[in-house]
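Have a look at the structure below before the remarks.
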Amino acid sequence: MPMTVDSREPLPLVPAPTVARHLGAPGFTLNGRVAVTGDEAAVETVRGFLAARTGLLLGTAAEGVGIELRIEPGGAPESYTLISDAGGVAVAGADAAGLFYGIHTLIQLVRRDRDKWLIPAVRIEDAPRFAYRGVMLDVARHFFPVETVCAYIDRAAALKFNHLHLHLSDDQGWRIDLPSRPELTRRAASSSVGGDPGGFYSAEDYARIIAHAAARHMTVVPEIDMPGHTHAAGIAYPDLVETPVLTDQMRADAAAFASPLPAEGVPYTGIVVGFSSLRIGDPATDDFVADVVTDLAAMTPGPYLHIGGDEALGTDAADYAAFLAQATRAVAAAGKTPIAWHEAGAAPSLHPGTIGQYWGFVSPTGDMDAKTRAFAERGGRVILSPADAVYLDMKDAEDCPLGLTWANGPTSLHRSYAWEPGSVIPGLPEEAILGVEAPLWTETIATAADIDRMAFPRIAAAAEAAWSAPHARDWDLFRVRLGGLTALWDAYGIGFHRSDDVDWR
Ligand code: TNX
């Protein structure tokens, strides 16, 4: 009879699978004679990852023992089973994505046992809890080249994330070239926070990112943030924006961070938020929104387009509501499902079915939970990004060299882990939760190494909130499982932070 994992060290699997049993039998030995067979794309994926992890380049001629990869339709979307013993390894996905996730589980299982590479004898059955498992990268505050974005896709996909949300515009820069509005990148892309170099993605660059993501079963979700966070759009099209609005809070933030305050017509290099707004009610603005949304929709194969809607602090409430109603309709007219930050829940005539992204705390304050429920009440669903748990740009400790602290002070790995998606918004049914997303804002993050330092290991905690069934989640076991990934993350070249709460082996 199979024996459960209870009696021995937990398998080094993150996110935790639905069911994982140690079979209590000898494992499968990986050596140069092992062949990988089955689904062609999967075979190449496995050979590549095993070469990176072990240095062994396995063959593909089926003879004797081996690793068999196949798609067996019938199970839940993205689900897979993995069975291994001394006689071989079989991974079966219900679809191509399921097989891909089974492969990542397989790679996590590989370990060095004295002089041998081994896959323990296990039986795993696994499927995601949520359909939407996202990471967000803010490429507006700092710009990141295609290679860095692709490396982040690789890292996230290995943790079974399936959406990459790209925050493509903000006060500091516009990062995507759109055929109908060439001035945006011509005039408003060269700046970023701190006077660092800017940049933008050409249509070709963007297509490369999408293709890289698609090959890893990730959907790109582009965001153009409106009506606030639009100072850069105003550098390109001055007639479309209002004069910056400054509050006492913004002045205090600027002083605290030694950040410049915005000035009309001057590229913004500081980190103050909320001062900019499109000119609402002007037909020229409506044309701009329609152009931007139509171009971006045409370049994006995925079903979603995020139109922002956060922190429009200088925008009149009625104007804000009218703008969001119109912008979400424009997204729908372009054939996409709109997503907006939770503030947009206050707009009564949002396009029905608009998805809300919650960025309040694990315990909601003010009316954030009501605004979030409003999306579900109008036929939409909700993506949970509680800032004091999964904002990867928060410091992880007081002495963290990068990051911000506004979300309840530093966010430890434990706090990233110890929250339950079903309990964040009271009264929101589980079916209304589309998923979980971990954003990485980049006011303080400028390089690929910075991304690794801030995202890892906390991104793994977010992955588990998004993928794993509640019964499979346990902080003490998570720490041990995570420690078991040390060698794999090193092999992948991830510059993860060796935080104190994990025994990195
Ligand atoms: C809040 S979360 C923002 C961003 C900042 C971030 C920094 C949200 C929708 N807006 O503009 O970059 O905090 O943590």
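The figures follow:
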read-out: Options A462, A397, A407, A449: the member that is surrounded by fewer than 23 Cβ atoms within 10 Å (Cβ to Cβ) and part of a helix (DSSP H, G or I); value: A449
read-out: Residue within the stretch 353-363 that is touching a His at 6+ places or on another chain (Cβ under 6 Å), within 19 Å of H306 (Cα to Cα) and free of Cβ contacts under 8 Å to residues at least 40 places away in the same chain present; value: yes
read-out: Candidates D476, D450 - the one that is free of Cβ contacts under 8 Å to residues at least 12 places away in the same chain and among the charged types (D, E, K, R); value: D476
read-out: Residue that is nearest to the ligand (Cβ to nearest atom), among those in the stretch 436-446 that are surrounded by 21 or more Cβ atoms within 10 Å (Cβ to Cβ) and part of a loop (DSSP other than H, G, I, E, B); value: W441
read-out: Count of residues meeting criterion [within 20 Å of L164 (Cβ to Cβ) and within 15 Å of the ligand (Cβ to nearest atom)] in the stretch 395-435; value: 1
read-out: Meets criteria (in the same structural domain as M136 (by TED's automatic domain parsing), crowded, with 20+ Cβ neighbours inside 10 Å and of a type in the set (A, V, I, L, M, F, W, C)) for A340; value: yes
read-out: Residue ID - nearest to A491 (Cα to Cα), chosen from residues in the stretch 50-87 that are acidic (D, E) and part of a loop (DSSP other than H, G, I, E, B); value: E78
read-out: Segments classed as strands (runs of 3 or more DSSP E), wholly inside the stretch 122-239, with at least 2 members that are of a type in the set (K, R) and surrounded by 24 or more Cβ atoms within 10 Å (Cβ to Cβ); value: none
read-out: Residue in the stretch 400-408 that is in contact with a Leu (Cβ under 8 Å, 6 or more places away or on another chain) and at pLDDT 95 or above present; value: no
read-out: Residue check, A97 buried (at least 20 other Cβ atoms within 10 Å of the Cβ) and touching a residue at least 24 places away in the same chain (Cβ under 8 Å); value: yes
read-out: The one condition in (1) in a loop (DSSP other than H, G, I, E, B); (2) modelled with pLDDT of 90 or more that R47 fails to fulfil; value: (1)
read-out: Tabulated pairs, the stretch 253-271, first assigned by TED's automatic domain parsing to the domain that holds R141 and in contact (Cβ under 8 Å) with a residue 60 or more places away in the chain, second basic (K, R) and assigned to a loop (DSSP other than H, G, I, E, B), C-beta under 9 angstrom, 6+ apart or interchain; value: I271/R141
read-out: All positions within the stretch 366-394 that are of a type in the set (D, E) and either within 13 Å of the ligand (Cβ to nearest atom) or in contact with a strand residue (DSSP E or B) (Cβ under 7 Å, 6 or more places away or on another chain) (or both); value: D388, D393
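Here is a yes/no grid of residues against (1) over 26 Å from the mean Cα position of the chain (by Cα); (2) within 16 Å of the ligand (Cβ to nearest atom); (3) among the small types (G, A, S):
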| site | (1), (2), (3) |
| --- | --- |
| F288 | yes, no, no |
| T294 | no, no, no |
| A297 | no, no, yes |
| T300 | no, no, no |
| I307 | no, yes, no |
| D316 | yes, no, no |
| K336 | no, no, no |
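The values are calculated or read from the model by the stated rules, or taken from the named source; none is laboratory data. Not measured: the values here are computed from a predicted model. Cβ coordinates were reconstructed from backbone atoms using ideal geometry, including for glycine residues, and neighbour counts include every protein chain displayed.
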